[in-house]
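Student: The structure's right below; bear with me while I get my questions together.
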Amino acid sequence: MIRDITIGQYYPADSVIHRLDPRTKLVGTLAFILSLFLFRSYAAYLVATVFLAGVIRASKVPFKFMVRGMKAIVFLLLITVVFNMFLTPGEPLVRIWKLTVTREGLELAIFMAIRLTYLIIGSSVMTLTTTPNQLTDGMEKGLRPLNKLHVPVHEMAMIMSIALRFIPILLEETDKIMKAQMARGADFESGGVIKKAKSMVPLLVPLFISAFRRANDLAMAMEARGYHGGEGRTKMKPLHYQKRDRAAYLTLVVYLLAMYGAKRIAGF
Amino acid sequence: MSIIQAKKLIHDYQKIGEDGKTEVSSRAVDGVDLDIAPGQFIAILGHNGSGKSTLAKHINAILLPTHGTVYVDGMDTKDAEKLEDIRRTAGMVFQNPDNQIIGTVVDEDVAFGPENMGVPTPEILSRVESSLKSVGMWEYRDHSPNRLSGGQKQRVAIAGVVAMEPKCIVLDEPTAMLDPMGRKEVIRAAQKLNREKQVTILLITHYMEEVIEADHVIVMDQGKILMQGTPREVFSRVEELKEHRLDVPQVTMLAYELKKSGLPLPDGILTVQELVDALDAARAQRGSAE
């Protein structure tokens with residue numbers, strides 16, 4: 001049913017990675033992605049592979065869930081690989097008709113493919129092991145220093161979590177409006193893309209009106225319960241770093257050093 | 001001392017007229033006086049547009065009076081500095097359960113109020129537990145609100161208000177969107193809070209059956225208080241209520257019709273049991289007369 005739609009792709013399991021502080025996971029993912037772009041060498045990517053495999057193993061999430069995220073970017077990946085292969089100038093390797101594959105191009109294509117794949121898998125590990133709520137909580141607390149630069153961190157996190165709460169409600173509402181209009185002869189199924197898109201317009205208007213009405217009600221309910229922004233707010237479940245988070249950060253540092261070392265020492 | 005007091009409360013809604021310039025004002029609440037003692041269960045009746053919801057929103061300082069004053073526990077709602085205290089004293093539950101639940105998990109939603117008040121973490125946890133238990137929703141604490149029934153959602157909303165430990169809770173048509181089962185659940189939760197925690201309850205509704213057990217009933221029509229008193233007093237005036245297109249509970253209606261067609265029954269019968277007893281008494285009377 002439409003109510004059961006889960007936002008994001010959280011995979012519930014009881015693992016070390018699941019229990020980590022969301023901030024640790026955010027920082028870890030970011031560092032991992034950066035490391036892929038900073039240390040460009042086969043040896044370093046070998047280290048990254050081992051690290052990623054270890055994390056996936058520890059997360060207890062089946063590997064096929066990680067690969068699922070790849071489907072969305074297969075096309076992008078192909079384009080990147082092909083363009084890099086054929087359009088990078090350098091020492092020619094193979095010549096097909098007018099197109100030349102260069103050594104540099106091939107290398108670049110391979111690196112790009114590895115990077116993109118690991119980037120997606122790496123961030124999937126985070127979204128699969130962290131609920132959207134934890135993620136917004138982690139962002140709110142992790143980005144708090146930005147408050148000093150007048151970035152409304154708390155408000156942004158609040159907007160995200162309210163959006164998450166209302167997505168299923170609005171989906172249900174869309175369903176209701178659609179059925180009500182179908183009962184009066186509206187046709188959402190037939191026709192080409194343009195016709196289908198046009199038939200959505202009468203759906204959007206009532207949906208928008210209802211969304212605004214809900215927003216108005218919700219704002220009133222929030223005010224009635226004493227909401228006045230992030231200042232002076234306490235938390236029921238505040239985030240605290242645990243021992244395992246310290247261990248995770250240590251592992252991360254070791255990984256980064258290994259990446260650096262692999263690039264410097266192995267040199268290929 | 002009274003917990004809620006309104007003196008000559010008037011509220012006008014401003015609307016922009018059709019030409020986009022002239023302001024049209026319509027009077028929603030017209031000179032209402034209220035005086036509610038702590039610990040009471042008050043019901044406010046009236047049909048759509050009678051001004052009952054507008055009145056309710058004044059108690060939480062969501063709306064401010066156009067003229068007149070509203071005092072909540074001695075605080076003037078116009079006093080912007082006391083706004084937080086007023087909202088802490090008088091909690092509010094709204095009609096649509098979906099549009100007042102903020103958290104994506106039940107216990108997080110209940111914690112929203114105390115979090116705003118800056119209550120320390122350990123106390124939030126204990127408040128969430130006790131308020132969820134008081135409405136019988138503790139087992140659902142880690143559910144998503146989207147999967148609860150309407151009555152359950154509304155009880156979560158009540159728990160969210162209870163967790164702020166208010167002296168008074170205003171329920172603005174909390175049952176209007178619920179099925180009969182859900183309605184009963186919500187009213188029972190409110191009655192329990194009133195009895196066990198001595199929270200003053202202000203129930204706004206248009207279901208007559210929910211009003212029977214209130215201490216005091218206020219009937220509103222066109223922004224004014226039409227009549228008030230105990231449920232028995234109010235529902236004795238069937239004719240007057242009918243004139244204003246207001247219903248009375250079914251049993252009361254039946255007793256009224258029976259009386260009109262000649263049975264010796266008292267006025268203001270509210271429950272089935274009362275009617276049964278009164279009919280028994282009437283029969284006994286007739287038996288002894290013959």
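Every number in this text was worked out from the coordinates using simple rules, so none of it is lab data. Just so you know, these numbers come straight off a predicted model, no measurement behind them. Counting neighbours? That spans all protein chains shown, and the Cβs are built from the backbone with ideal geometry, glycine included.
Student: Between 0 and 90 degrees, rounded to the nearest ten: what's the tilt of helix A:201-224 against the longest Cα principal axis of chain A?
Tutor: That helix lies at roughly 80 degrees to the long axis.
Student: State which entries of B:K7/B:K78; B:K133/B:K192; B:K184/B:K259; B:K7/B:K57; B:K153/B:K197; A:K235/B:K192 exceed 19 angstrom in Cα-Cα distance in the structure shown.
Tutor: Violating the 19 Å limit, Cα to Cα: B:K184/B:K259; B:K153/B:K197; A:K235/B:K192.
Student: Using alpha-carbon positions, what is the distance between the centroids of region B:261-286 and region A:204-268, in Å?
Tutor: For region B:261-286 versus region A:204-268, the Cα centre distance is 66 Å.
Student: Quick query: amide H of B:D221 versus all other amide H atoms, modeled in the peptide plane; which residues come in under 5 Å with a sequence gap of 5 or more or a different chain?
Tutor: B:L226
Student: What is the distance in Å between the Cα centres of region B:225-257 and region B:119-144?
Tutor: Distance between centres, Cα-based: 40 Å.
Student: Next question, about the same structure. Long-range amide H contacts for B:H216: which residues qualify at under 5 Å (H placed 1.01 Å from N, peptide plane, sequence gap of 5 or more or a different chain)?
Tutor: Long-range HN contacts for B:H216: B:F41, B:A43.
Student: Which loop trypsin sites (Lys or Arg not before Pro) in region A:126-211, with loop taken from DSSP, have no more than 11 other Cβ atoms within 10 angstrom of their Cβ? Please report the intermediate quantities before stating the final value.
Tutor: Numbers: sites: A:K141, A:K148, A:R165, A:K176, A:K179, A:R184, A:K195, A:K196, A:K198; in loops: A:R184.
Listed in order of number, the matching sites are A:R184.
Student: While we're on this one: What residues qualify as long-range amide H neighbours of B:M92, i.e. H under 5 Å apart, gap of 5 or more or another chain, H built at 1.01 Å from N?
Tutor: B:V170
Student: Can you tell me which of B:V106, B:V238, B:V248 moves the most in a GNM of chain B? Springs connect C-alpha atoms under 10 Å apart.
Tutor: B:V238
Student: How much length is gained on full extension from B:L64 to B:E243, taking 0.36 nm per residue of separation minus their Cα-Cα distance?
Tutor: Extra length available between B:L64 and B:E243 comes to 61.3 nm.
Student: Given a Förster radius of 30 Å and the C-beta distance between B:Q191 and B:D33 as r, what FRET efficiency does 1/(1 + (r/R0)^6) yield to the nearest 0.05?
Tutor: Calculated transfer efficiency: 0.70.
Student: Sticking with this structure for a sec: Under the √(5λ) rule applied to the eigenvalues of the Cα gyration tensor, what semi-axes describe the equivalent ellipsoid of region B:1-129? Give them in Å, descending.
Tutor: 30, 20, 15
Student: Sticking with this structure for a sec: Shielding by partners for B:123-136, please: the mean number of other protein chain Cβ atoms within 10 Å of each residue's Cβ.
Tutor: That works out to 1 on average.
Student: Pairs of Cα atoms under 8 Å, at least six residues apart: use those to get the relative contact order of region B:34-154, whole percent.
Tutor: Contact order relative to length: 17 percent.
Student: Can you tell me the orientation of helix A:103-129 relative to chain A, as the angle in degrees between its alpha-carbon axis and the longest Cα principal axis, to the nearest 10?
Tutor: That works out to roughly 40 degrees.
Student: Compute the distance in nm between two label points, each set 7 Å from the Cα along the Cα-to-Cβ direction, one at A:R40 and one at A:I209.
Tutor: 5.6 nm
Student: Sticking with this structure for a sec: What ³J(HN,Hα) values, in whole Hz, does the Karplus curve 6.51 cos²θ - 1.76 cosθ + 1.60 give for region A:172-179 when θ = phi - 60°, with x put for Gly and Pro?
Tutor: Coupling constants for region A:172-179: 4, 5, 4, 4, 4, 4, 4, 5 Hz.
Student: Find, among the trypsin sites (Lys or Arg not before Pro) in region B:173-268, those assigned to loop by DSSP (not H, G, I, E, B) with at most 12 other beta-carbon atoms within 10 angstrom.
Tutor: B:R245
Student: On to the next question. Based solely on its DSSP helices, what 222 nm [θ] is calculated for the protein assembly as shown when runs of n ≥ 4 H residues each add -39,500 (n - 2.57) and the sum is averaged over all residues, nearest 500 deg cm²/dmol?
Tutor: Result for the protein assembly as shown: -17000 deg cm²/dmol, rounded to the nearest 500.
Student: Which value, in Å to one decimal place, does the Kirkwood hydrodynamic radius take for the protein assembly as shown when every pair of different Cα atoms is included?
Tutor: About 28.5 Å for the protein assembly as shown.
Student: Using the alpha-carbon atoms, what tilt in degrees (0 to 90, nearest 10) does helix A:74-87 show relative to the longest principal axis of chain A?
Tutor: Taking Cα atoms only, the helix is inclined about 40 degrees.
Student: Among the GluC sites (Glu not before Pro) in region A:189-268, which ones are in a DSSP loop with at most 12 other Cβ atoms within 10 Å of the Cβ? Mind listing them?
Tutor: In loop regions of region A:189-268 (DSSP not H, G, I, E or B), the sparsely surrounded GluC sites (Glu not before Pro) are A:E189, A:E231.
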